[in-house]
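A short worksheet on the structure shown next.
The numbers here are math on the coordinates, done by the rules we state, and not lab data. Here the structure is a predicted model, which is why all the values come from computation and not from measurement. Reconstructed Cβ throughout: ideal geometry from the backbone, glycine too, with neighbour counts over all protein chains shown.
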Amino acid sequence: MVQILVDADACPVKDEIYDIALRHQVPVIVVSNSPIRVPASSLITRKVVSDAFDAADDWIVEHATARSVVITGDILLADRCLKLGSSVISSNGKPFTAASIGNAVAVRAIMADLRAGGDRIGGPAPFGKADRSRFKSSLDEALVKLRRLPPLT
């Protein structure tokens, strides 16, 4: 079954996820370390995990399949989910792919080293309307693609 798993604690596109999921009639599981309000719908459930380090990430990995779309900005979580065959989309709409994840992990490591060394580096660009629009298109496209797959036997 196609499903959407959301790494929800810092996700700025939850409303867009709900709208698209309801239109496609795809279940959504919103995973967070603290309670997050979700719409009243049988398709949308909330999973609150412990506040342990990576608890939400670990739960998502345990439940992700090749029929899952995972929404996250966490590069290491994206890498883990891609290895399971999941589709992974960042909140700005850029998909993580097998071809792009290695570079993303490497850049993340370099930036962490620079920050640890005391270098002042900028963060990501501010989230804007173009990001929101790109996200909606990417999620819609991922769901259509997954629904076209043959049934699992």
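Average projected area of the Cα convex hull of the stretch 37-95, in nm²?
For the stretch 37-95, the mean projected area of the Cα convex hull comes to 4.7 nm².
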Exercise for review: Take every Cα pair under 8 Å in the chain that's 6+ residues apart, average their separations, divide by the length, and report that relative contact order as a whole percent.
Suggested key: 22
Point to revise | the stretch 54-151 - convex hull of the alpha-carbon atoms, volume per residue in Å³ | key: 104
Check your understanding: In sequence order, what are the phi-derived ³J(HN,Hα) couplings for the stretch 23-32 according to the Karplus relation 6.51 cos²θ - 1.76 cosθ + 1.60 with θ = phi - 60°, rounded to whole Hz, with x for glycine and proline?
Key -> 5, 8, 6, 10, x, 10, 10, 9, 9, 8
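Lys and Arg at +1, Asp and Glu at -1: add these up for the other residues within a Cβ distance under 12 Å of ALA66 and post the number.
On the way: positive: ARG67, LYS83, LYS145; negative: none.
My count for the surroundings of ALA66 gives +3.
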Review point. List the lysines whose alpha-carbon lies under 17 Å from that of LYS94, not counting same-chain residues fewer than 8 positions away?
Key: LYS14, LYS129, LYS136, LYS145
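Order the peptides 143-152, 29-38, 94-103 from the highest to the lowest mean number of other Cβ atoms within 10 Å of their residues. Before the final figure, lay out each step's value.
Working: 143-152: 10.9, 29-38: 16.3, 94-103: 13.7.
Result, highest mean first: 29-38, 94-103, 143-152.
Kindly give the semi-axes, whole Å and largest first, of the ellipsoid equivalent to the stretch 1-123, taking each as the square root of 5 times a Cα gyration tensor eigenvalue.
Details: eigenvalues 138, 53, 36 Å².
Value: 26, 16, 13 Å, ordered largest first.
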Revision key, fill the gap. Phi-derived 3J(HN,Hα) across the stretch 46-60 with the Karplus relation (6.51, -1.76, 1.60, θ = phi - 60°), rounded Hz, x for Gly and Pro, is 10, 10, 9, 9, 5, 8, 5, 4, 6, 4, 5, 4, 5, 5, 4
**Study point:** Local electrostatic count at ALA125 - Lys and Arg +1, Asp and Glu -1, tallied over other residues with Cβ under 15 Å
**Key:** +3
